[in-house]
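To start, the structure itself, in structure tokens.
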Amino acid sequence: MTTTQARATPARPQARSRRSRARRAGGLPAVLVLPALAGLAFLIVPLAGLIVAAPWPTLLERLADPAVLGALRLSLVAASAATVVCLVCGVPLAWVLARSELPGMRVVRALVTVPLVLPPVVGGVALLLVLGRNGLIGQYLEAWFGFSLPFTTAGVIVAEAFVAMPFLVISVDGALRGADRRYEEAAATLGASRWLTFRRVTLPLVAPGIAAGAVLCWARALGEFGATITFAGNFPGETQTMPLAVYLALQTDPDAAIVLSLVLFAVSVMVLASLRDKWISPNAA
Amino acid sequence: MRRRPGRLLGAGSVLLLGLAGCGDGGAGTQREWQSSASGDITVFAAASLTEAFKEIEQAFEEANPGADLQFNFAGSSTLSRQINQGAPADVFASASPKQMQKVVDADNAGGDPTVFVANKLQIVVPEGNPANVTGLADLGKQELDIALCAEEVPCGDLSQTVFEAAGITPSPDTLEQDVKAVLTKVTLGETDAGLVYRTDVAAADEAEVDGIDLPAAVEAVNEYPIVTLAEAPNAETGQAFVDYVLSDEGKAVLEDYGFGTDVG
């Protein structure tokens, strides 16, 4: 984010980046490096455990299982669709949170984080109570349109979007509040409408924040388990995403569960790494 | 983890009794000096036993004031995995002979498991039976929403046996990760029917669900074995608990919760 701003604002931020370069040249203090290494090890060692325990000789054979590919495809499709839903609703929501001066915005901001605090299984139950066949809203969907969300892929997307949206909103809200509002004001003085200003000035300004939020949101949706299995159920090809397949495999065939976990991990790293290069400026990656 | 203070207390009392705590053969020496049922024990029990075992716990602790039971309720496959990975437990009560066998095969059972109850499946429908489900054949109907256990978990395994015996191909809309999740879907009215243990229906709110018995011809029985564990920190009390579960008092409680005790 700093880099984009550095490019956009000529004088001030450049001075800042020169200073940070100077600091970097001086080397990092051990008091930071040691806990950083401990943190890194904490995150990576469990993964190493998976890799060590993986049944390498039968790996390819297990991967060729059509059920694995089906679950992987469904996971990728559902997580991407959920991310689109989050972008469409979440970016405007973040804009309202960051720019509105109405009283009570603090409460609204706290409410946005509810899905973060709620155990996902509880989130799934809550979704059932509202959008289920007998739910507050769901019963009308069923009665008027003959349409019901649970046990459908659409239900998976709803569950994932519910859990993942706060990651996007918080990230974009932060970017908007950190952005220099003088550009928006300048655009307005030059006669740009609010919509034009939003599209041509605000959005490009916070694009790195949106990209980072979308990545977090996608990753969270991809790993979603509790809300999905509670709200959308578990049926191969329809609602069984990779995390659900992993959980069930763990009951009878732990080796298969490890293989599935590694696949999910490898695919998500590949997707995230390639997106980082494209979306976020190379310096940020 | 939870049991550790008790273990320290146990070790302390052994020292007070004047035994030289050399450390080796600890369990064996302790057994001689402890009264038959005292101290903490940890029981790993299948989730379907939750309500019945909690009631048995009260009676057992009243009969043995020195004893304190701790439960770990979860799916039997989770429990067998935890035990085989060294979780400290004294007793394992499994809802599936298959999962018990895994513990026996890993030399973690302290003796031969005893079957203490049997459970049967029942069709469960939301109160009032809105879809007019009458029997197993309805669970093969495409137009109904059906929840079943995934075949990876014991209740799903048993469901499959039942469907095979009846010659019906089920048409599930969701394969749940445990039997309670099936019950939840039916309780909330999200599915028209499900297949769960009769004990789950007995434990559920009568105002929310109804149970429909399966025809005797296709009824499959799930046996629950119980055993003390080889690495049990308090094997003596563990055995006392197993004996209590197998006693007439224990059986009466289990029957109250819908289990069949005419086994073994």
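Taken together, the values in this text are just the output of simple stated rules run on the coordinates, not laboratory data. Note that the structure is a prediction, hence the values are computed from the model and not measured. All Cβ positions, even for glycine, are placed from backbone atoms using ideal geometry, and neighbour counts span all protein chains on display.
Structure data summary
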{"read-out": "Assigned charges on the beta-carbon of Lys, Arg, Asp, Glu; region B:183-239 dipole about Cα centre (debye)", "value": "160"}
{"read-out": "5 angstrom amide H check on residue B:72, placed H, neighbours 5+ away", "value": "B:43, B:44, B:45"}
{"read-out": "Footprinting exposure proxy for B:143, A:160, B:127 (fewest neighbouring C-beta atoms within 10 Å first)", "value": "B:143, B:127, A:160"}
{"read-out": "Under 5 Å, built H, 5+ apart or other chain: amide partners of residue B:258", "value": "none"}
{"read-out": "Charge dipole (chain A, unit charges on Cβ, about Cα centre) - positive-most of A:239, A:49, A:143", "value": "A:49"}
{"read-out": "Long-range HN-HN contacts of residue B:230 with modeled amide H, under 5 Å", "value": "B:109, B:110"}
{"read-out": "Chain B: calculated mean residue ellipticity at 222 nm from DSSP helix runs of at least 4, using -39500 (n - 2.57)", "value": "-11500 deg cm²/dmol"}
{"read-out": "³J(HN,Hα) computed for each position of region B:239-255 - Karplus, 6.51 cos²θ - 1.76 cosθ + 1.60, integer Hz, glycine/proline x", "value": "5, 4, 5, 4, 4, 5, 4, 7, 6, 4, 4, x, 4, 4, 5, 4, 5"}
{"read-out": "Estimated 222 nm signal from helices in chain A, with DSSP H stretches of n ≥ 4 weighted -39500 (n - 2.57), rounded to 500", "value": "-24500 deg cm²/dmol"}
{"read-out": "Net charge dipole size for the protein assembly as shown [Lys, Arg +1 and Asp, Glu -1 on Cβ; Debye, nearest 20]", "value": "5320"}
{"read-out": "Angle in degrees between helix B:50-63 and the longest Cα principal axis of chain B, rounded to the nearest 10", "value": "30"}
{"read-out": "Selected from A:186, A:90, A:167, residue furthest toward positive end of dipole (region A:78-235; charges at beta carbon)", "value": "A:186"}
{"read-out": "Centre separation in Å (Cα based) which lies between region A:105-161 and region A:197-246", "value": "15"}
{"read-out": "Reciprocal mean inverse distance between Cα atoms of region B:118-221 - Kirkwood radius, Å", "value": "13.0"}
{"read-out": "Helix runs (DSSP H) in chain A reaching 24 Å along axis by Cα, Kyte-Doolittle at least 0.5", "value": "A:30-53, A:66-99, A:153-178, A:203-223, A:254-279"}
{"read-out": "Likely footprinting exposure, B:200, A:253, fewest C-beta neighbours within 10 Å first", "value": "A:253, B:200"}
{"read-out": "DSSP-defined antiparallel bridges as percent of all bridges, region B:122-227, nearest 5", "value": "60"}
{"read-out": "Leading residue at positive end of dipole, chain B (Cβ point charges), from B:59, B:83, B:197", "value": "B:83"}
{"read-out": "Estimated dipole of region B:118-221 in Debye, rounded to 20 [Cβ of Lys and Arg +1, of Asp and Glu -1, Cα centre]", "value": "220"}
{"read-out": "As computed over chain B, the Cα convex hull volume per residue (Å³)", "value": "125"}
{"read-out": "Approximate shape of the protein assembly as shown as ellipsoid semi-axes (Cα gyration tensor, √5λ), whole Å, largest first", "value": "51, 34, 21"}
{"read-out": "Members of B:98/B:141; B:98/B:185; B:102/B:185; B:54/B:251; B:141/B:185 lying beyond 25 Å, as alpha-carbon distances in this model show", "value": "B:98/B:141; B:98/B:185; B:102/B:185"}
{"read-out": "Fraction of beta bridges assigned by DSSP in chain B that are antiparallel (%, nearest 5)", "value": "55"}
{"read-out": "Phi-based couplings in Hz for region B:72-88 (Karplus 6.51, -1.76, 1.60; Gly and Pro marked x)", "value": "10, 9, 6, x, 4, 5, 4, 5, 5, 5, 4, 5, 5, 9, x, 4, x"}
{"read-out": "Ascending count of other beta-carbon atoms within 10 Å, so fewest first, for A:252, B:184", "value": "A:252, B:184"}
{"read-out": "Kirkwood Rh in Å, taken over region A:76-197 so that all alpha-carbon pairs contribute", "value": "16.4"}
{"read-out": "Diffusion coefficient, µm² s⁻¹, Stokes-Einstein with Kirkwood Rh over alpha-carbon pairs of chain A at 25 °C and 0.890 mPa s", "value": "114"}
